[in-house]
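S.K.: What follows is a single structure, and I will ask about it in a moment.
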Amino acid sequence: MRGAGSVASVLVLAIVSPALAGGEAANRSPAKGTSAAQPASDVWASVRYLVGDWVGEGSGKPGEGSGSFSFRFDLGENILVRRNHSEYPVSGGKPAIVHDDLMVCYPDPAEGRILAIYFDNEGHVIDYAGETDEGGRLVLASEPKPSSPGFRLTYTKLAGETLGIKFEIAPPGRADFVPYLSGKATRAAKP
């Protein structure tokens, strides 16, 4: 199984192994009556703290790992892009793992929430729907499907310039999520 590394990245990247993959792309065009050129700044209000560069450490099923990730707005603040790089050293007879991924978050005009699509260097694709709260928490969860596992990635704003990150997996067709990776990230730089 190939894994993730950085705290936040660790959760989203290595979380998915070839045996667990199973996301399908959805129609991503703007809803009728909405303007694709208009920034979705109100949707981003509770997650703006994520923008910047982060370094993290975490642990979980792939082992102890480290990495870095960034969140950057693009396309006139219509999307929020996360890029992640994680590494796990040789451990317990397992080879070293390097994991890279890209996640694009975008507003769902019909629901007023954040949606995301995730890609990694292992060929995984996951569609997420997000929930946010005023306390600085972003929870991204995939839709449950009978033939593939469910995934949930949570970012929690902690004291200072720190994030808590948790990645969970549920068996196919079920919603009982089990921790797969967890860790913390510290802000390295703000754009």
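The values are calculated or read from the model by the stated rules, or taken from the named source; none is laboratory data. Given the structure is predicted, the values throughout are model-derived calculations rather than measurements. FYI the Cβ positions are ideal-geometry reconstructions off the backbone, even for glycines, and counts take in every protein chain you see.
S.K.: Across the stretch 39-62, which residue is farthest from the chain's Cα centre (by Cα) among those that are surrounded by fewer than 18 Cβ atoms within 10 Å (Cβ to Cβ) and at pLDDT below 75?
M.R.: Step by step, filter the stretch 39-62, then rank; the result is P39.
S.K.: Name every residue in the stretch 157-191 that is touching a residue at least 12 places away in the same chain (Cβ under 8 Å) and of a type in the set (D, E), in order of residue number.
M.R.: Matches in the stretch 157-191: E161, E168.
S.K.: Continuing with this model, one more query. So, in the stretch 78-89, exactly how many residues are assigned to a loop (DSSP other than H, G, I, E, B) and more than 21 Å from V55 (Cβ to Cβ)?
M.R.: Residues meeting the conditions: 1.
S.K.: Moving on to the next point. For the stretch 109-145, give me each residue that is farther than 19 Å from K166 by Cα and touching a residue at least 60 places away in the same chain (Cβ under 8 Å).
M.R.: P109, A110, G112, R113, E122, G123, K145
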